[in-house]
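Some notes on the structure that comes next.
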Amino acid sequence: MVHLEPVTNENLEEVLSLRINESQAGYVSTTAESLAQAYVYQKTAFPFAVYSDREIVGFIMMGYYETKKYYTLWKLLIDRNYQHRGYGKAALQQGVRYLKDQFHVTEIYTGVIPGNSVAKGLYESLGFRETGVFENNMIEMRLNC
């Protein structure tokens, strides 16, 4: 069973130890980079550790993009030892549920770097669709809730 827990001083070291495959390095921020952004944007960033039962398997960060006035999937990382087991999809479903429950969102946005077909396929499997916008070297995608 996958569930999300806030990043705290109790799980911080485990979150920081999450690693991706080298082939994903150009597509995924490290958890340290993501947590630095969460600190700077602490009022609008919602970082979570992804757990399978009691074991941390990944990291997800949802957020509110003030400039565009919409909610986002900001970051998603599943540790290289736990990939291809459905944790990414389950984590994303939990993140979407969090935004719906907490903020009653009707849309959620994300961006995907061209060439990251695994992430794009995951997002599409949950209903995200390209919006036609390309900025900051990312294809914008939207989920209508």
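Details
- Across the chain, Cα-Cα pairs farther apart than 25 Å form 20% of the total.
- Debye-formula intensities of the range 5-87, expressed as log10 I(q)/I(0) at q = 0.20 Å⁻¹, are -0.90 (one equal scatterer per alpha-carbon, no solvent).
- Relative contact order computed over the range 1-100 (Cα-Cα under 8 Å; 6+ residues apart), in percent: 30
- Inverse of mean 1/r across different Cα pairs in the range 82-145, Kirkwood, Å: 12.3
- Long-range HN-HN contacts of TRP74 with modeled amide H, under 5 Å: MET61, MET62, GLY63
Readers should treat all values here as calculations from the given coordinates under stated rules, not as data from a laboratory. Here the structure is a predicted model, which is why all the values come from computation and not from measurement.
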